[in-house]
Protein chains: 2
Amino acid sequence: MNIGIDMMGGDYAPLETVKGIAKYFSENLRDDVHLFLFGNADAISPHLTSYNIPEGKITLAPTTQVIGMHEHPTKALKEKTDSSIAIGFKYLAAGKIDAFMSAGNTGAMLVGAMFSIRPVEGVLRPTISSIIPKQNGGTGLLLDVGINSDCKPEQLNQFAIMGSVFSENILGVENPKVGLINVGEEEGKGNLLMQASYPLLKENKVINFIGNVEGRDIFSNKADVMVCDGFTGNIILKLAESLTILPKNKILIMNILTVSISSLYGGTPVLGVEKPVIIGHGISHETAFSSMIDEAVRMLQTDVLGKVKEAIRLTGE
Amino acid sequence: MNIGIDMMGGDYAPLETVKGIAKYFSENLRDDVHLFLFGNADAISPHLTSYNIPEGKITLAPTTQVIGMHEHPTKALKEKTDSSIAIGFKYLAAGKIDAFMSAGNTGAMLVGAMFSIRPVEGVLRPTISSIIPKQNGGTGLLLDVGINSDCKPEQLNQFAIMGSVFSENILGVENPKVGLINVGEEEGKGNLLMQASYPLLKENKVINFIGNVEGRDIFSNKADVMVCDGFTGNIILKLAESLTILPKNKILIMNILTVSISSLYGGTPVLGVEKPVIIGHGISHETAFSSMIDEAVRMLQTDVLGKVKEAIRLTGE
């Protein structure tokens, strides 16, 4: 399998990206993994010679431009045609690589995923999720976390399916419990969207729906896959992330999301598109990049996107 | 001013309620405050004799029924006509008391507030808010936190007004900064509701609108009054509250909401109704009850509800 990496994306690229690649190969002796590195050759090459990367495992695909973290995604992708992200998606669309990842401009990665490669047939809207570390050490998944601010019930139902397949295949959660994020436990609670979504999830036979979960259940063991519209998910995610930056006075700190997610789990996949696209956190270091490669390998090995497609097809019948 | 207290509401009532009353009078020697105590005389009287409550400051209004914490609000209010909450609202509606408070069944308090006394003229929907302790020691206000799951832009605009008036008059925040809870900073971001609400808040001359605030800004100093629909507010509040019950493993704890809010600030007022109704947290102890009385006094003294009415009238012109 050929996995593409944007070497210029992230606050500590390309050094930490190279270290992550070295780490991955030092821990995983796989004959079937080959990496394509997109980025400025002058910036990357010196690091490549400093770290111990096995012969013949990488191909450098030199690019001359970089999309900055704060550039306008669509504009940047359009204008910077020789940027590492634009070229990466070109390779992905052409089938030269099987998966693509970056810790760079999130918006550009999303736009690339939505428009360079096709959505899975039957998927109304692709989605992005976030790993939520659970109180008991488990691994939860929250989706959508921001690309679909206004949702229809049918979309939430598909997020539930896509999240379940990802949770089971990539996060290793057996028969994941799916919860609908809501303001009360009983069916009939909530806003119009959640009232209309509940029956769809309840009738959905390809997921293990356990009912509503509330704000207080986000970090509890109640549900493994937590479904909501992207507006709600984004507020939850940013609130939880912000708790790392409250270092003073009586308020104690929970330092989980930015650190543990990116280190332990790599990045967030775009679900509902035909090929694996993984978006890393800007603060990604060595371990995060290594985990992202591992995540891409597992996504390809388990054919998780094929399984998403099949599950969507089954519920669409 | 005559302030009514439900003596049967809350996990530690009536003992802690009586202690709170004693504490209030020991710290506030006001001639103009008289309390009406609603509840079971046999349960209350022994405590009243044990604690030092000044002569002539209280009137016991005996009731025979109690609405439990988990009873269905509408049903309970309808059937338990001699409950402390039902009688309290009866006194409030009749003008025998000027404000009413309880740490009991929240739903029953809301139903009572909505249907026993009138909404302020021009108010589309009353709202409830929650105090949010800020990182810098300040006092934020989040609203709506649960009674209006689906909102119209005009409602959010009124929440902004009501929240501002409360923040300024009761929380002592000068010219409070009002933020709209959203998924990005720029105007035009967010779901349809927030996109449509932004221009209304921007044009609103009786508030100090500072733009969008994100999930990460909830505990920061960015905005004093944070406005959203009740669905989003409820998720935020319950998520924040849940952080007190994550006591193990690597995740550290923030123990702010349930403890500091109820101790320091008393309860949450229902805004947009003609008379002060204050809802305390079920875990309220002595200090919380004392603070709730103080809150009611300040609401009456500052005529905050009259000011809400005037601000709503001004923007409705």
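Some observations on this one:
- Residues of type aspartates and glutamates that A:K134 reaches as a straight line, Cα spacing below 19 Å, ignoring anything fewer than 8 places off in the same chain: A:D144, A:E168, A:E174, A:E214, A:D217, A:D224, A:E241, B:E241
- For chain A, the mean residue ellipticity at 222 nm estimated from helices alone is -12000 deg cm²/dmol, where every DSSP H run of n ≥ 4 contributes -39500 (n - 2.57) and the total is divided by all residues, rounded to the nearest 500.
- Taking the longest Cα principal axis of chain A as reference, the axis of helix A:230-242 is set at about 70 degrees.
- Sequence-separation-based contact order of chain B, relative, with Cα cut under 8 Å and 6+ spacing, percent: 23
- Qualifying GluC sites (Glu not before Pro) for the range A:57-150 [loop in DSSP, other Cβ within 10 Å: at most 15]: A:E121
- Helix axis angle, B:41-50 relative to chain B longest principal axis, alpha carbon, degrees: 90
- Whole-percent pair-distance distribution, where bins are 10 Å wide, for the alpha carbons of the protein assembly as shown: 3, 16, 23, 23, 16, 10, 6, 3, 0, 0
- Size descriptors for chain B, from the alpha-carbon set: Rg then Dmax equal 19.3, 61 Å.
- Taking the Kirkwood radius as Rh and the Cα radius of gyration as Rg, the range A:19-86 has a ratio of Rg/Rh equal to 1.06.
- Amide hydrogen neighbours beyond the local backbone of B:S83, cut-off 5 Å, H modeled: B:Q65
- For B:K57, label point 7 Å along C-beta direction: distances to other copies, nm: 7.6
- Too-long pairs where the Cα-Cα distance tops 26 Å, listed order kept, from B:K80/B:K275; A:K152/A:K309; B:K57/B:K309; A:K202/B:K238; A:K23/A:K222: B:K57/B:K309; A:K23/A:K222
- Near B:I58, the amide H atoms lying under 5 Å from its own belong to B:L35; only residues 5 or more places off or on other chains count, and H is placed 1.01 Å from N.
- Label point 7 Å beyond Cα along the C-beta direction, distances from B:D31 to other copies (nm, shortest first): 9.8
- From phi via Karplus (6.51, -1.76, 1.60), per-residue ³J(HN,Hα) for the range B:118-125 in Hz, x at Gly/Pro: 7, x, 4, 4, x, 6, 5, 8
- Inter-centroid distance (Cα atoms) of the range A:206-227 relative to the range A:156-194, Å: 6
- Between the C-alpha center of the range A:284-308 and that of the range A:95-125 there is a gap of 14 Å.
- Label point of B:G184 (7 Å along Cα→beta-carbon): distances to the other copies' equivalent points are 3.5 nm, sorted ascending.
- For B:E214, the residues whose amide H sits under 5 Å from its own are B:N182, ignoring neighbours fewer than 5 places away on the same chain, with H placed 1.01 Å from N.
- Using alpha-carbon coordinates, inclination of helix B:286-301 to the longest axis of chain B, degrees: 70
- DSSP-loop trypsin sites (Lys or Arg not before Pro) across the range B:77-133, with at most 16 other Cβ within 10 angstrom: B:K96
- Cβ-to-Cβ counts within 10 Å put A:D150, A:D98, A:D42, A:D6 in ascending order as A:D42, A:D150, A:D98, A:D6, the fewest first.
Computed from the coordinates by the stated procedures, all read-outs in this text should not be read as laboratory data. Computed from a predicted model, the values in this text were never measured in an experiment. Ideal geometry is used to build each Cβ from the backbone, glycine not excepted, and the neighbour counts take in all protein chains shown.
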